[in-house]
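Below is one structure, written out as structure tokens; comments come after it.
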Amino acid sequence: MIDTQKLAGDVQRIHQLNSLLRPFIKRPSSGDALTFEQYRILHELVAEKISTSELSRRLNVGQSMVSIQISRLLNGGYIQDETLPTDRRYHVFQVTARGRKIEEHVNETLSAELPILMKQLTEILK
């Protein structure tokens, strides 16, 4: 038998978590239209050049989502595309100076705001 009171409480907590996380994840950063998903891609590309399929694997998301975000990051000048001289079909991406600057800004913002967000999440989950 389903405990409807427990279920109602769980649903309420999920709603509270969603309300708390949505603005944090969806908001643009520093005036640029950079989403959290795009930040995650930039963050991976700061360390090394990576292909779309490798990004998809590392971020545990579909290649189509990565491709869409890559296209937006390319159009915004945050990353650049490079083909391998040995295989023109294989593309890797790397961060531009503009991309590195915004990635650093988001890192600073996350460092400041994430502890506050985690405290709020802890309160909701009690």
Exercise. Which residues in region 36-71 have a backbone N closer than 15 Å to a point placed 7 Å from the Cα of residue 80 along the Cα-to-Cβ line?
Worked result: 46, 49-50
Exercise. Quick one: what do you get for region 47-126 if you divide its Cα Rg by 2.2 N^0.38 Å?
Worked result: 1.41
Seminar exercise, completed: Distance in nm between residue 110 and residue 67 label points, each 7 Å along Cα→Cβ, equals 2.6 nm
Exercise. Can you list the residues of region 87-118 with backbone N under 20 Å from a point 7 Å past the Cα of residue 59, pointing along Cα to Cβ?
Worked result: 90-111
Problem set entry | Accessible area per residue in Å² at 1.4 Å probe, computed on the chain | 67 Å²
Seminar exercise, completed: For the chain, the accessible surface attributable to carbon and sulfur atoms (probe 1.4 angstrom, ligands and nucleic acids excluded) amounts in percent to 55 percent
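Based on DSSP H runs of at least 4 residues, each adding -39500 (n - 2.57), what is the mean residue ellipticity at 222 nm of the chain after dividing by all its residues, to the nearest 500 deg cm²/dmol?
Values: 5 runs with 86 residues, N = 126.
One gets -23000 deg cm²/dmol as the mean residue ellipticity at 222 nm.
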Exercise. Taking the Cα centre of the chain as origin and charging only Cβ (+1 Lys, Arg; -1 Asp, Glu), how large is the dipole, in debye to the nearest 20?
Worked result: 200 debye
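The values are calculated or read from the model by the stated rules, or taken from the named source; none is laboratory data. Being a predicted model, the structure only gives us computed values, none of them experimental. Ideal geometry is used to build each Cβ from the backbone, glycine not excepted, and the neighbour counts take in all protein chains shown. The protein model used for the area step is the full one, side chains on, heavy atoms only, and it has no ligands, DNA or RNA in it. Shrake-Rupley method; radii C 1.70, N 1.55, O 1.52, S 1.80 Å.
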